[in-house]
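Here is the structure we will look at.
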DNA sequence: TTGAAAGCGGTACCAA
DNA sequence: TTGGTACCGCTTTCAA
């Protein structure tokens, strides 16, 4: 229906009147081939528009040159940036990479992993928050180099890249506090799992430490601007009126900004907002987002390096620490005077 | 270094004391296997943690269940959304899909196509603007179902999905014109190729039709908010002061908004801005973007359907037309009174 | 320098 | 209901 099958090594060999071994040699520039033979083969390849079947090659060689990467939410630039960095580095070493997206579904994660294993990827990078202990365990037992970001534990075949969620979040809250803020909200997203919990825990413990000086509210919605928008409506709808909203990440913060605006609140005059990641859109938000800069580029490259033997297989089995940096932009400022209401929150 | 090789069909067969044929049968639930035998095999599979090698399978059965998709710029939600829609539909039919990104490099496009062909994908969707005629030609000759978006020509094995770039852009300009705008700017991006040219051409011809009543300026930069920002600085820096900026897409428009703001201009009071695509971020922009809604979801699903024989291979070789819809939001309004300057443009 | 042939990990047809 | 076996398309000894 779509035309003839593509040409095979055999076809080329026949046309060039040589053995398949010889064709293979010229295709891979391995072994030695007399120059006249070579050009005869080359001509045949050209003639037939021959394209080697990578699957067969990988199978025969017993090794694969593609890496796998699984992320929670490609639409969030955070993940996409890491993917692109990983891909770039991988390509430098002659590797391809295939991505899969889970949308935070633990079930999808399981099937993505299976699919990658079935593809016999040379290495697998997981940048997901929904990794459950059993899967983590299982990965540790696979004959496959793995990189885990922000979740799980290192193992002989797994490198862990860990970001300081807790410290960073405390840093943000502290910054807000020293600028006079006393009424906080934390906007997270629905995932009952580790890393994001660390951010939330940091927020809560900070609140606890400040004691009765502060009040706060915790909400969660999906990881998207919509999620941020709905979360904001929920906060405001409850009657609580924060002067600072700490967001789990920039992507949601974009929606929080929108939610505040629609309620007639001005950022940062009435409310300060912080993000996390320093996604490229963060500085294009209006106002530009104050956030924690996470070195996604470095993370992606390191992940690739850890998975590619020639590159740096050395730090397989290690744990790498990443410390984000606070970037103060326009979305935060001093708290408004407490007893100077700035307009009533709208649903 | 990463442990033993994974178990093979052979291993399972030996352990279960049956032939590989039988193991294959139970793995594929094909043929008939006595229930005791089956459970013996199942046990062996479990025992060995056997995972079939997809590459070998595809090779043996002579067919692949993965689709390929190549896009120009994954960071632009336009492309990502199409990818996700395509992937979703593909999965419904039991297909995987691998994406590749070209960043608008014609060279990268060529190697991406090669890589997909080498992978023996079952079908290939190209959502790129940088497709050059020779490559398009070559694709039409491959024994492979292809979908082309907004570029190239249909062929026996290629379905073309065409969006009305020209009409849509004229529609936008007309809308702006009837709202009193007379000084326009067009912000495009660097690609000397077809589809985007259609948008630009539409803009230019509209200008020509309005004749001396209007003045305009054309600029181009990269497909990103940065690009939009730089383009805006360039316009304003030239001393020209448009009352309406027509952007090639939403992604760049985000940056244009920023650029205008940094120059002290207010949207839409001083300047109106339009995008294209209706990316999800468009409505989260401040102000929300007026734009043309392109049904990315539908496009992605249709592309998948066209590539999957069981789904709808029927419309292979056809040309499908897509007509976006104008969405008026907050970033556009009536032109400011002409001789009422609203602040001097800053570099 | 070249070819024959044994895999790589499966599938599927044909006999048994 | 099973096993034997000839491929799928390519790589890689081993001999010639």
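Output the residue which, of all residues in segment A:37-95 that are more than 19 Å from residue B:113 (Cβ to Cβ), out of contact with any helix residue (DSSP H, G or I) (no Cβ under 8 Å at 6 or more places or on another chain) and within 12 Å of chain B (Cβ to nearest Cβ), is farthest from DNA strand C (Cβ to nearest atom).
Here the residue is A:79.
In this structure, does residue B:104 turn out to be more than 16 Å from DNA strand D (Cβ to nearest atom), buried (at least 17 other Cβ atoms within 10 Å of the Cβ), within 37 Å of the chain's Cα centre (by Cα) and more than 30 Å from residue B:250 (Cα to Cα)?
no
Select from segment B:156-172 the residues that are within 14 Å of chain A (Cβ to nearest Cβ) and surrounded by fewer than 18 Cβ atoms within 10 Å (Cβ to Cβ) and list them in ascending order.
Within segment B:156-172, the first condition is being within 14 Å of chain A (Cβ to nearest Cβ), and the residues that meet it are B:156-159.
Across segment B:156-172, the qualifying residue is only B:156.
Are any residues in segment A:97-122 assigned to a helix (DSSP H, G or I) and either at the interface with chain B (Cβ under 8 Å from one of its Cβ atoms) or in contact (Cβ under 8 Å) with a residue 24 or more places away in the chain (or both), and if so, which ones?
A:106, A:109, A:110, A:112, A:113, A:114, A:115, A:116, A:117, A:118
Yes or no: residue B:246 surrounded by 24 or more Cβ atoms within 10 Å (Cβ to Cβ) and at pLDDT 95 or above?
Considered against the rule, which asks whether it is surrounded by 24 or more Cβ atoms within 10 Å (Cβ to Cβ) and at pLDDT 95 or above, residue B:246 comes out as yes.
What number of residues within segment A:27-36 are out of contact with any helix residue (DSSP H, G or I) (no Cβ under 8 Å at 6 or more places or on another chain) and either more than 11 Å from DNA strand C (Cβ to nearest atom) or within 11 Å of chain B (Cβ to nearest Cβ) (or both)?
Number of matching residues: 2.
Taking residue B:136 as meeting all but one of (1) more than 16 Å from DNA strand C (Cβ to nearest atom); (2) surrounded by 21 or more Cβ atoms within 10 Å (Cβ to Cβ); (3) free of Cβ contacts under 8 Å to residues at least 40 places away in the same chain, write down the number of the exception.
Against the list (1) more than 16 Å from DNA strand C (Cβ to nearest atom); (2) surrounded by 21 or more Cβ atoms within 10 Å (Cβ to Cβ); (3) free of Cβ contacts under 8 Å to residues at least 40 places away in the same chain, residue B:136 comes up short only on (2).
Which of the residues belonging to segment A:69-96 are under 16 Å from residue B:71 (Cα atoms) and assigned to a strand (DSSP E or B)?
A:96
What number of residues within segment A:1-26 are within 13 Å of DNA strand C (Cβ to nearest atom) and either assigned to a helix (DSSP H, G or I) or surrounded by fewer than 18 Cβ atoms within 10 Å (Cβ to Cβ) (or both)?
Of the residues in that region, 17 qualify.
Mind checking whether some residue in segment A:288-309 is in a helix (DSSP H, G or I), surrounded by fewer than 24 Cβ atoms within 10 Å (Cβ to Cβ) and within 12 Å of chain B (Cβ to nearest Cβ)?
yes
Of the residues in segment A:68-96, how many are in contact (Cβ under 8 Å) with a residue 24 or more places away in the chain and within 14 Å of the chain's Cα centre (by Cα)?
Looking only at that region, the number is 19.
Looking only at segment B:123-161, count every residue that is assigned to a strand (DSSP E or B) and in contact with a helix residue (DSSP H, G or I) (Cβ under 9 Å, 6 or more places away or on another chain) and tell me the total.
13
Does residue B:319 satisfy the condition of being in the same structural domain as residue B:81 (by TED's automatic domain parsing) and either surrounded by fewer than 23 Cβ atoms within 10 Å (Cβ to Cβ) or modelled with pLDDT under 95 (or both)? I'd like the intermediate steps shown before the answer.
Numbers: in the same structural domain as residue B:81 (by TED's automatic domain parsing): yes; either surrounded by fewer than 23 Cβ atoms within 10 Å (Cβ to Cβ) or modelled with pLDDT under 95 (or both): yes.
Taking the combined requirement at face value, the residue satisfies it.
Would you confirm, using the coordinates I've provided, whether residue A:271 is within 13 Å of residue A:329 (Cα to Cα), over 26 Å from the mean Cα position of the chain (by Cα) and modelled with pLDDT of 95 or more?
In short, no.
Which one of these is within 10 Å of DNA strand D (Cβ to nearest atom), without any contact (Cβ under 8 Å) to a residue 60 or more places away in the chain and in a helix (DSSP H, G or I): B:43, B:38?
Checking each option against the conditions leaves just B:38.
Out of the residues in segment A:219-243 that are under 14 Å from residue A:186 (Cα atoms) and facing chain B (nearest Cβ under 10 Å), state the one that is surrounded by the most Cβ atoms within 10 Å (Cβ to Cβ).
Once the filter is applied, the top-ranked residue is A:228.
I'd like to check something: does segment A:173-181 contain any residue that is within 20 Å of residue A:294 (Cβ to Cβ), out of contact with any helix residue (DSSP H, G or I) (no Cβ under 8 Å at 6 or more places or on another chain) and buried (at least 19 other Cβ atoms within 10 Å of the Cβ)?
Yes: one or more hits.
The values are calculated or read from the model by the stated rules, or taken from the named source; none is laboratory data. Remember, it's a predicted structure, so these values are computed and weren't measured experimentally. Positions of Cβ are backbone-derived with ideal geometry, glycine not excepted, and every protein chain shown enters the neighbour counts.
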